[in-house]
């Protein structure tokens, strides 16, 4: 009798694997966990993109909460998401820009054509702050809560869907009033 | 696989071509370390090892030694800077996981969470081998021969008559085949 029961082990193992794989189905396997979650923005000293020569540090960031949007002119998806960001800024959503591994003239030209939704833009031409944040591509959008802590990251373009389902609820949860 | 076997299948020239191709590919891989200036050969060699063991966060099937992406190149630069600044290997791994998480290490850390990953396949293989062993043992311990005669119970006489009977059966089968 016990020998018969032992024959069910492969089936049980299969069932367990099935459950484990099914749990993975809705996750995005290419997306990295945000290592800096729960930490403040790493220390930086970067020029403002728009005000050449003006050095910015953490103290120069706006009063949280806000979104931090990582973008660059070489990034096609950034072009795609930009009009929506402009829309959000017109609704009063505070967005800080991180111009990542880019060239100032190109970036300024890009903004002149597509409009500027940013409260301030950090010019991270060498990607130093990007690396400290754990940026691995553009666009990425970080949510900084009322305490100045990184609480969430969205990898990829921000659209109405992402805003309504992820970013807006989380931003509201930090105390931001729409 | 022994060389003689391979040569007989694909030919000597093909085997030489494959060996040459392989060695060329290997030299491409170490070219990255040559692009950088290191203050010592020890640092260069540590650079080669470390860049093999760090995963490119964007092209995740490659290490940062092989990947052509911008982030891989930035991370290689960073590894070189950290080496020159005197970081230990562990310090460099911590620096990277602080920013990109555990996934950036090609070899995951060994702890409770990753125990299943590290030891699971071995445990499953051992379990399978054990199962196979017990199954084989139970088969040879079976008390009957194929024709129903109990094993080890025959005297020489009944062995002879059993042999005759089996031979007669075999002959009759052959006769049917010839038709």
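The values are calculated or read from the model by the stated rules, or taken from the named source; none is laboratory data. In this text the structure is predicted, and so the values were computed from the model without any measurement. Here the Cβ positions follow ideal geometry from the backbone for every residue, glycine too, while neighbour counts run over all protein chains shown.
Which residue is farthest from the chain's Cα centre (by Cα), if the candidates are limited to the range A:128-164 and must be within 20 Å of residue A:82 (Cβ to Cβ) and in a loop (DSSP other than H, G, I, E, B)? Among them, the one singled out is A:159.
Need at least 3 residues that are farther than 27 Å from residue A:100 by Cβ per element, so show me which helices (runs of 4 or more DSSP H) inside the range B:1-106 make the cut, counting only ones lying wholly within it. Break it down into steps so the answer makes sense when it comes.
Working: elements: B:3-10, B:12-29, B:31-35, B:41-53, B:70-84, B:89-100.
Passing ranges, in order: B:3-10, B:12-29, B:41-53.
Against the definition (under 24 Å from residue A:160 (Cα atoms) and at pLDDT 95 or above), how does residue A:123 come out, yes or no? Criteria not met by residue A:123. The residue of the range B:60-75 that is surrounded by the most Cβ atoms within 10 Å (Cβ to Cβ), among those that are more than 10 Å from every other protein chain (Cβ to nearest Cβ) and under 23 Å from the mean Cα position of the chain (by Cα), is B:64.
Can you spot a residue in the range B:104-118 that is within 11 Å of chain A (Cβ to nearest Cβ) and crowded, with 16+ Cβ neighbours inside 10 Å? Checked against the condition, which is being within 11 Å of chain A (Cβ to nearest Cβ) and crowded, with 16+ Cβ neighbours inside 10 Å, the range B:104-118 yields at least one hit.
Taking residues in the range B:12-40 that are within 21 Å of residue B:2 (Cβ to Cβ), and partners anywhere that are at pLDDT below 85, the pairs with Cβ atoms closer than 7 Å and at least 6 places apart or on different chains are B:15/B:6; B:15/B:7. Does residue A:98 satisfy being surrounded by 15 or more Cβ atoms within 10 Å (Cβ to Cβ), touching a residue at least 60 places away in the same chain (Cβ under 8 Å) and outside any loop (DSSP other than H, G, I, E, B)? Spelling it out, it is not the case that residue A:98 is surrounded by 15 or more Cβ atoms within 10 Å (Cβ to Cβ), touching a residue at least 60 places away in the same chain (Cβ under 8 Å) and outside any loop (DSSP other than H, G, I, E, B). Looking across the range A:165-178, the residues that are exposed (fewer than 13 other Cβ atoms within 10 Å of the Cβ) and assigned to a loop (DSSP other than H, G, I, E, B) come down to A:175, A:177, A:178. The set of residues in the range A:37-53 that are surrounded by 12 or more Cβ atoms within 10 Å (Cβ to Cβ), in a loop (DSSP other than H, G, I, E, B) and in contact with a strand residue (DSSP E or B) (Cβ under 8 Å, 6 or more places away or on another chain) comprises A:37, A:39, A:41, A:44, A:49, A:50.
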